[in-house]
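The values are calculated or read from the model by the stated rules, or taken from the named source; none is laboratory data. Keep in mind it's a predicted model, so treat the numbers as computed, not measured. Every residue, glycine as well, gets a Cβ built from its backbone with ideal geometry; the counts of neighbours run over all protein chains shown.
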Amino acid sequence: RVRAFASSAAAQAAVGRVAVIGGGQMGAGIAQVAATHKHDVTLVDVSQEALERGKAYMAKSLGRVAKKKFPDDAQAQGRFVDEVLSRVALSTSPAEAAGSAGLVIEAVVENIKLKQDIFAGLAAAAPEGAILASNTSSLPIAKISEQLSAARKKRFIGLHFFNPVPQMKLVEVVRTDEADQQAVDDAVAFVKGIGKVPAVCKDTPGFIVNRLLLPYMMESIRLLERGVASARDIDAAMKLGAGYPMGPFELCDYVGLDTIKFIVDGWHKEGKGLAGDKQFAPSAKLDELVKNGHLGVKTGRGFYEY
Ligand code: 3HC
(Lines give C-alpha, C1' and ligand atoms only; values in the text may rest on other atoms or scores of the structure.)
Protein backbone atom coordinates (compact mmCIF):
# COMPACT_ATOMS: atom_id res chain seq x y z
CA ARG A 1 0.00 0.00 0.00
CA VAL A 2 1.31 3.43 -0.91
CA ARG A 3 1.12 5.91 1.93
CA ALA A 4 0.57 9.63 1.67
CA PHE A 5 2.57 11.85 4.01
CA ALA A 6 0.62 14.97 4.95
CA SER A 7 3.43 16.86 6.70
CA SER A 8 7.10 16.69 7.61
CA ALA A 9 6.31 15.12 10.95
CA ALA A 10 4.07 12.62 9.21
CA ALA A 11 6.83 11.97 6.70
CA GLN A 12 9.24 11.23 9.49
CA ALA A 13 6.82 8.88 11.20
CA ALA A 14 5.86 7.22 7.93
CA VAL A 15 9.35 6.88 6.47
CA GLY A 16 10.58 5.63 9.81
CA ARG A 17 13.85 3.82 9.41
CA VAL A 18 16.15 5.04 6.67
CA ALA A 19 18.73 2.71 5.15
CA VAL A 20 21.75 4.39 3.56
CA ILE A 21 23.85 2.20 1.30
CA GLY A 22 27.45 3.40 1.15
CA GLY A 23 29.36 4.84 4.09
CA GLY A 24 31.61 7.29 2.24
CA GLN A 25 31.41 11.04 2.75
CA MET A 26 28.03 11.37 1.05
CA GLY A 27 26.42 8.31 2.65
CA ALA A 28 27.74 9.10 6.11
CA GLY A 29 26.59 12.71 5.72
CA ILE A 30 23.08 11.61 4.69
CA ALA A 31 22.90 9.12 7.57
CA GLN A 32 24.03 11.81 9.99
CA VAL A 33 21.46 14.35 8.85
CA ALA A 34 18.59 11.82 8.92
CA ALA A 35 19.59 10.66 12.42
CA THR A 36 19.90 14.27 13.60
CA HIS A 37 16.25 14.68 12.59
CA LYS A 38 15.17 11.67 14.64
CA HIS A 39 15.09 8.98 11.99
CA ASP A 40 16.49 5.62 12.95
CA VAL A 41 19.13 4.90 10.35
CA THR A 42 21.06 1.87 9.18
CA LEU A 43 24.31 2.72 7.44
CA VAL A 44 25.56 -0.05 5.15
CA ASP A 45 28.97 -0.66 3.65
CA VAL A 46 30.98 -3.68 2.55
CA SER A 47 33.27 -3.93 5.57
CA GLN A 48 33.35 -3.08 9.25
CA GLU A 49 36.38 -0.94 8.53
CA ALA A 50 34.49 1.18 5.98
CA LEU A 51 31.61 1.52 8.45
CA GLU A 52 33.95 2.69 11.18
CA ARG A 53 35.36 5.31 8.81
CA GLY A 54 31.81 6.50 8.11
CA LYS A 55 31.09 6.66 11.81
CA ALA A 56 34.26 8.66 12.46
CA TYR A 57 33.22 11.10 9.72
CA MET A 58 29.82 11.53 11.36
CA ALA A 59 31.32 11.97 14.83
CA LYS A 60 33.69 14.66 13.59
CA SER A 61 31.00 16.54 11.71
CA LEU A 62 28.51 16.23 14.59
CA GLY A 63 31.20 17.64 16.87
CA ARG A 64 31.26 20.80 14.73
CA VAL A 65 27.48 21.05 14.80
CA ALA A 66 27.42 20.44 18.57
CA LYS A 67 29.97 23.19 19.24
CA LYS A 68 27.66 25.70 17.62
CA LYS A 69 24.53 24.30 19.24
CA PHE A 70 25.94 24.18 22.76
CA PRO A 71 28.81 26.68 22.96
CA ASP A 72 30.83 26.37 26.16
CA ASP A 73 29.04 23.22 27.28
CA ALA A 74 31.26 20.26 26.49
CA GLN A 75 28.95 17.82 28.27
CA ALA A 76 25.91 18.84 26.25
CA GLN A 77 28.01 18.64 23.09
CA GLY A 78 29.05 15.09 23.94
CA ARG A 79 25.48 14.08 24.78
CA PHE A 80 24.22 15.46 21.47
CA VAL A 81 26.85 13.59 19.44
CA ASP A 82 26.22 10.33 21.34
CA GLU A 83 22.46 10.66 21.06
CA VAL A 84 22.53 11.15 17.28
CA LEU A 85 25.07 8.37 16.78
CA SER A 86 22.95 6.03 18.90
CA ARG A 87 20.28 6.22 16.20
CA VAL A 88 22.69 4.98 13.51
CA ALA A 89 23.08 1.22 13.27
CA LEU A 90 25.93 -0.16 11.18
CA SER A 91 25.48 -3.15 8.89
CA THR A 92 27.20 -5.01 6.09
CA SER A 93 23.91 -6.41 4.77
CA PRO A 94 21.94 -4.15 2.38
CA ALA A 95 19.03 -6.61 2.34
CA GLU A 96 18.77 -6.71 6.12
CA ALA A 97 18.93 -2.91 6.34
CA ALA A 98 16.31 -2.44 3.62
CA GLY A 99 13.97 -5.01 5.16
CA SER A 100 12.81 -2.59 7.82
CA ALA A 101 13.26 0.72 5.96
CA GLY A 102 10.64 3.10 4.62
CA LEU A 103 13.30 4.85 2.56
CA VAL A 104 16.49 3.43 1.11
CA ILE A 105 19.11 5.86 -0.22
CA GLU A 106 21.98 4.50 -2.25
CA ALA A 107 25.23 6.49 -2.17
CA VAL A 108 27.89 4.17 -3.58
CA VAL A 109 30.46 4.90 -6.31
CA GLU A 110 29.21 6.06 -9.70
CA ASN A 111 29.10 2.67 -11.40
CA ILE A 112 25.85 1.91 -13.20
CA LYS A 113 26.19 -1.87 -13.05
CA LEU A 114 26.99 -1.81 -9.34
CA LYS A 115 24.02 0.44 -8.63
CA GLN A 116 21.67 -1.73 -10.71
CA ASP A 117 22.83 -4.84 -8.86
CA ILE A 118 22.42 -3.17 -5.49
CA PHE A 119 18.88 -2.06 -6.33
CA ALA A 120 17.91 -5.53 -7.58
CA GLY A 121 18.75 -6.81 -4.10
CA LEU A 122 17.12 -3.87 -2.33
CA ALA A 123 13.91 -4.23 -4.35
CA ALA A 124 13.66 -7.86 -3.29
CA ALA A 125 14.11 -6.96 0.38
CA ALA A 126 12.48 -3.57 1.00
CA PRO A 127 8.87 -3.32 2.15
CA GLU A 128 6.30 -2.73 -0.55
CA GLY A 129 5.73 1.02 -0.74
CA ALA A 130 9.22 1.94 0.46
CA ILE A 131 10.87 4.73 -1.47
CA LEU A 132 14.05 3.65 -3.24
CA ALA A 133 16.38 6.53 -4.03
CA SER A 134 19.78 7.06 -5.60
CA ASN A 135 22.16 9.89 -4.69
CA THR A 136 23.85 9.63 -8.10
CA SER A 137 25.19 12.91 -9.39
CA SER A 138 25.51 12.04 -13.04
CA LEU A 139 23.85 8.76 -14.00
CA PRO A 140 20.27 8.66 -15.33
CA ILE A 141 17.84 7.63 -12.59
CA ALA A 142 15.70 5.76 -15.13
CA LYS A 143 18.73 3.73 -16.20
CA ILE A 144 19.63 2.77 -12.63
CA SER A 145 16.06 1.52 -12.11
CA GLU A 146 15.43 0.07 -15.57
CA GLN A 147 15.44 -3.55 -14.43
CA LEU A 148 12.98 -3.03 -11.57
CA SER A 149 9.25 -3.79 -11.62
CA ALA A 150 6.73 -1.12 -12.64
CA ALA A 151 5.57 -0.84 -9.00
CA ARG A 152 9.12 -0.20 -7.78
CA LYS A 153 9.74 2.34 -10.56
CA LYS A 154 6.74 4.33 -9.34
CA ARG A 155 8.52 4.91 -6.03
CA PHE A 156 12.07 5.18 -7.39
CA ILE A 157 13.56 8.66 -7.44
CA GLY A 158 16.80 10.61 -7.27
CA LEU A 159 17.70 12.28 -3.98
CA HIS A 160 20.84 14.23 -4.73
CA PHE A 161 22.68 15.74 -1.77
CA PHE A 162 25.66 18.11 -1.85
CA ASN A 163 29.02 18.05 -0.19
CA PRO A 164 29.38 18.72 2.75
CA VAL A 165 25.96 17.15 3.35
CA PRO A 166 25.51 18.43 6.91
CA GLN A 167 26.06 22.01 5.75
CA MET A 168 24.55 22.24 2.26
CA LYS A 169 20.85 22.98 2.39
CA LEU A 170 19.79 21.73 -1.03
CA VAL A 171 18.55 18.31 -2.06
CA GLU A 172 17.53 17.75 -5.68
CA VAL A 173 14.48 15.49 -5.93
CA VAL A 174 14.72 13.88 -9.33
CA ARG A 175 11.61 12.46 -10.93
CA THR A 176 11.61 10.00 -13.78
CA ASP A 177 8.67 9.75 -16.18
CA GLU A 178 7.66 6.59 -14.35
CA ALA A 179 7.67 7.98 -10.81
CA ASP A 180 4.26 8.86 -9.45
CA GLN A 181 3.36 12.18 -7.87
CA GLN A 182 2.89 10.57 -4.47
CA ALA A 183 6.48 9.36 -4.39
CA VAL A 184 7.72 12.84 -5.29
CA ASP A 185 5.51 14.41 -2.61
CA ASP A 186 6.73 11.90 -0.04
CA ALA A 187 10.36 12.56 -0.97
CA VAL A 188 9.82 16.31 -0.74
CA ALA A 189 8.25 15.87 2.72
CA PHE A 190 11.21 13.75 3.82
CA VAL A 191 13.70 16.36 2.58
CA LYS A 192 11.87 19.16 4.42
CA GLY A 193 11.68 16.97 7.51
CA ILE A 194 15.46 16.70 7.66
CA GLY A 195 15.84 20.47 7.48
CA LYS A 196 16.81 20.69 3.81
CA VAL A 197 15.29 22.54 0.88
CA PRO A 198 14.05 20.38 -2.01
CA ALA A 199 14.34 21.34 -5.68
CA VAL A 200 12.29 19.02 -7.88
CA CYS A 201 13.65 18.43 -11.35
CA LYS A 202 13.49 16.07 -14.32
CA ASP A 203 15.81 13.15 -14.87
CA THR A 204 18.31 14.91 -17.16
CA PRO A 205 22.15 14.85 -17.04
CA GLY A 206 23.45 16.79 -14.05
CA PHE A 207 19.95 17.71 -12.90
CA ILE A 208 20.21 21.42 -11.98
CA VAL A 209 23.35 22.06 -9.96
CA ASN A 210 25.87 19.88 -11.73
CA ARG A 211 24.48 20.81 -15.17
CA LEU A 212 25.50 24.37 -14.38
CA LEU A 213 28.54 23.66 -12.21
CA LEU A 214 30.42 21.27 -14.52
CA PRO A 215 30.56 23.66 -17.53
CA TYR A 216 31.81 26.34 -15.10
CA MET A 217 34.48 24.04 -13.65
CA MET A 218 35.61 22.84 -17.08
CA GLU A 219 35.80 26.37 -18.48
CA SER A 220 37.87 27.38 -15.45
CA ILE A 221 40.32 24.57 -16.19
CA ARG A 222 40.49 25.67 -19.83
CA LEU A 223 41.22 29.26 -18.76
CA LEU A 224 44.16 27.86 -16.81
CA GLU A 225 45.25 25.71 -19.77
CA ARG A 226 45.12 28.74 -22.07
CA GLY A 227 47.37 30.60 -19.62
CA VAL A 228 44.82 33.33 -19.00
CA ALA A 229 45.51 33.41 -15.25
CA SER A 230 46.79 31.25 -12.41
CA ALA A 231 44.49 28.95 -10.44
CA ARG A 232 44.91 31.21 -7.43
CA ASP A 233 43.90 34.32 -9.35
CA ILE A 234 40.93 32.60 -10.99
CA ASP A 235 39.79 31.42 -7.56
CA ALA A 236 40.28 34.87 -6.05
CA ALA A 237 38.36 36.40 -8.96
CA MET A 238 35.31 34.19 -8.51
CA LYS A 239 35.29 34.49 -4.72
CA LEU A 240 35.81 38.22 -4.56
CA GLY A 241 34.22 39.23 -7.86
CA ALA A 242 31.25 36.89 -7.93
CA GLY A 243 30.70 36.03 -4.29
CA TYR A 244 31.28 32.27 -4.55
CA PRO A 245 32.30 30.65 -1.24
CA MET A 246 35.06 28.69 -2.98
CA GLY A 247 36.88 29.37 -6.23
CA PRO A 248 36.46 26.80 -9.03
CA PHE A 249 39.81 25.09 -8.37
CA GLU A 250 39.20 24.88 -4.64
CA LEU A 251 35.81 23.42 -5.44
CA CYS A 252 37.22 20.92 -7.98
CA ASP A 253 39.75 19.74 -5.39
CA TYR A 254 37.03 19.56 -2.77
CA VAL A 255 34.61 17.52 -4.92
CA GLY A 256 37.43 15.28 -6.23
CA LEU A 257 39.07 15.43 -9.65
CA ASP A 258 38.27 11.77 -10.32
CA THR A 259 34.59 12.52 -9.78
CA ILE A 260 34.70 15.50 -12.13
CA LYS A 261 36.52 13.53 -14.80
CA PHE A 262 34.09 10.67 -14.46
CA ILE A 263 31.09 12.97 -14.90
CA VAL A 264 32.37 14.93 -17.91
CA ASP A 265 33.77 11.85 -19.69
CA GLY A 266 30.43 10.09 -19.25
CA TRP A 267 28.45 13.03 -20.59
CA HIS A 268 30.83 13.61 -23.48
CA LYS A 269 30.51 9.99 -24.48
CA GLU A 270 26.81 9.34 -24.00
CA GLY A 271 25.04 12.05 -21.99
CA LYS A 272 21.51 12.56 -23.24
CA GLY A 273 21.66 15.68 -25.41
CA LEU A 274 25.29 16.24 -24.37
CA ALA A 275 27.25 13.56 -26.24
CA GLY A 276 30.07 15.21 -28.19
CA ASP A 277 29.44 18.61 -26.55
CA LYS A 278 32.81 20.37 -26.56
CA GLN A 279 32.19 21.87 -23.12
CA PHE A 280 32.76 18.39 -21.77
CA ALA A 281 35.62 17.31 -24.02
CA PRO A 282 38.64 15.91 -22.15
CA SER A 283 41.06 18.38 -20.60
CA ALA A 284 44.77 17.43 -20.74
CA LYS A 285 45.38 19.12 -17.38
CA LEU A 286 42.56 17.29 -15.62
CA ASP A 287 43.49 13.95 -17.22
CA GLU A 288 47.10 14.32 -16.15
CA LEU A 289 46.25 15.12 -12.53
CA VAL A 290 43.89 12.16 -12.29
CA LYS A 291 46.37 9.83 -13.99
CA ASN A 292 48.99 10.77 -11.39
CA GLY A 293 46.58 10.16 -8.52
CA HIS A 294 46.28 13.84 -7.64
CA LEU A 295 42.56 13.78 -6.94
CA GLY A 296 42.24 16.83 -4.72
CA VAL A 297 41.89 17.33 -0.97
CA LYS A 298 41.37 13.63 -0.31
CA THR A 299 44.79 12.66 -1.68
CA GLY A 300 46.61 15.76 -0.41
CA ARG A 301 47.11 17.17 -3.87
CA GLY A 302 45.01 18.33 -6.81
CA PHE A 303 45.26 21.77 -8.36
CA TYR A 304 46.67 22.74 -4.95
CA GLU A 305 48.67 20.94 -2.28
CA TYR A 306 47.08 20.29 1.10
N1 3HC B 1 29.95 19.08 8.90
C2 3HC B 1 29.30 20.01 9.61
N3 3HC B 1 29.45 21.33 9.41
C4 3HC B 1 30.32 21.72 8.45
C5 3HC B 1 31.03 20.80 7.67
C6 3HC B 1 30.81 19.43 7.91
N7 3HC B 1 31.45 18.47 7.22
N8 3HC B 1 31.79 21.49 6.79
C9 3HC B 1 31.58 22.77 7.02
N10 3HC B 1 30.69 22.93 8.03
C11 3HC B 1 30.18 24.18 8.57
C12 3HC B 1 31.07 24.83 9.57
O13 3HC B 1 30.89 24.34 10.87
C14 3HC B 1 30.64 26.30 9.46
O15 3HC B 1 29.42 26.53 10.14
P16 3HC B 1 28.95 28.01 10.61
O17 3HC B 1 29.05 28.91 9.44
O18 3HC B 1 27.55 27.80 11.08
O19 3HC B 1 29.91 28.35 11.70
C20 3HC B 1 30.33 26.44 7.98
O21 3HC B 1 30.11 25.11 7.51
C22 3HC B 1 31.46 27.06 7.25
O23 3HC B 1 32.61 26.25 7.42
P24 3HC B 1 34.08 26.83 7.59
O25 3HC B 1 34.01 28.14 8.32
O26 3HC B 1 34.94 25.77 8.13
O27 3HC B 1 34.59 27.04 6.12
P28 3HC B 1 33.97 27.87 4.93
O29 3HC B 1 33.34 29.12 5.38
O30 3HC B 1 35.05 27.90 3.92
O31 3HC B 1 32.80 26.94 4.38
C32 3HC B 1 31.96 25.30 2.92
C33 3HC B 1 33.00 25.65 3.96
C34 3HC B 1 30.59 25.19 3.58
C35 3HC B 1 32.37 23.97 2.33
C36 3HC B 1 31.92 26.46 1.85
O37 3HC B 1 33.24 26.72 1.41
C38 3HC B 1 31.07 26.15 0.67
O39 3HC B 1 29.86 26.30 0.69
N40 3HC B 1 31.72 25.72 -0.45
C41 3HC B 1 31.04 25.32 -1.65
C42 3HC B 1 30.58 23.91 -1.50
C43 3HC B 1 29.84 23.43 -2.72
O44 3HC B 1 29.66 24.10 -3.71
N45 3HC B 1 29.39 22.17 -2.62
C46 3HC B 1 28.72 21.52 -3.70
C47 3HC B 1 29.72 20.73 -4.46
S48 3HC B 1 28.98 19.95 -5.84
C49 3HC B 1 28.39 18.54 -5.20
O50 3HC B 1 28.51 18.19 -4.05
C51 3HC B 1 27.66 17.71 -6.17
C52 3HC B 1 28.36 16.42 -6.48
O53 3HC B 1 27.40 15.61 -7.10
C54 3HC B 1 29.55 16.57 -7.38
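Listed values, structure above:
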read-out: Residues satisfying the stated conditions in the stretch 86-140, i.e. within 18 Å of Val165 (Cβ to Cβ) and of a type outside the set (A, V, I, L, M, F, W, C); value: Arg87, Glu106, Glu110, Ser134, Asn135, Thr136, Ser137, Ser138
read-out: Test: Ala229 is more than 13 Å from the ligand (Cβ to nearest atom), farther than 20 Å from Met26 by Cβ, outside the structural domain of Leu139 (by TED's automatic domain parsing) and surrounded by fewer than 16 Cβ atoms within 10 Å (Cβ to Cβ); value: yes
read-out: Selection status of Ala126, among the small types (Gly, Ala, Ser) and within 16 Å of Arg155 (Cα to Cα); value: yes
read-out: Every pair of residues 6+ apart whose Cβ atoms lie under 7 Å, when the first sits in the stretch 127-140 and is over 12 Å from Ala107 (Cα atoms) while the second is surrounded by 23 or more Cβ atoms within 10 Å (Cβ to Cβ) and among the acidic types (Asp, Glu); value: Ile131/Asp186
read-out: Residues that are at pLDDT below 95 and crowded, with 23+ Cβ neighbours inside 10 Å, drawn from the stretch 103-158; value: Ser137
read-out: Meets criteria (within 16 Å of the ligand (Cβ to nearest atom), closer than 25 Å to Gly121 by Cα, under 16 Å from the mean Cα position of the chain (by Cα) and of a type outside the set (S, T, N, Q)) for Leu159; value: yes
read-out: Failed condition for Phe303, given (1) touching a residue at least 24 places away in the same chain (Cβ under 8 Å); (2) within 14 Å of the ligand (Cβ to nearest atom); (3) farther than 30 Å from Ala189 by Cβ; value: (2)
read-out: Condition met for Val264 (of a type in the set (Val, Ile, Thr) and away from the ligand (no atom under 16 Å from the Cβ)); value: no
read-out: Helices (runs of 4 or more DSSP H) enclosed by the stretch 216-291 - at least 1 residues per element that are within 19 Å of the chain's Cα centre (by Cα); value: 248-255, 257-270
read-out: Sole residue being more than 24 Å from Pro140 (Cα to Cα) and away from the ligand (no atom under 16 Å from the Cβ), chosen from Leu289, Leu240; value: Leu289
read-out: Every residue from the stretch 32-82 that is assigned to a helix (DSSP H, G or I) and away from the ligand (no atom under 16 Å from the Cβ); value: Gln48, Glu49, Ala50, Leu51, Glu52, Ala74, Gln75, Ala76, Gly78, Arg79, Asp82
read-out: Matching residues, the stretch 200-216, being within 13 Å of the ligand (Cβ to nearest atom) and either farther than 30 Å from Lys285 by Cα or buried (at least 20 other Cβ atoms within 10 Å of the Cβ) (or both); value: Pro205, Gly206, Phe207, Asn210, Leu214
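Residues are listed down the side, and each one gets a yes or a no for (1) at pLDDT 95 or above; (2) closer than 26 Å to Ser138 by Cα:
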position: Ala6; (1), (2): no, no
position: Gln12; (1), (2): no, no
position: Ala34; (1), (2): yes, yes
position: Asp45; (1), (2): yes, yes
position: Arg53; (1), (2): yes, yes
position: Phe70; (1), (2): yes, no
position: Arg79; (1), (2): yes, no
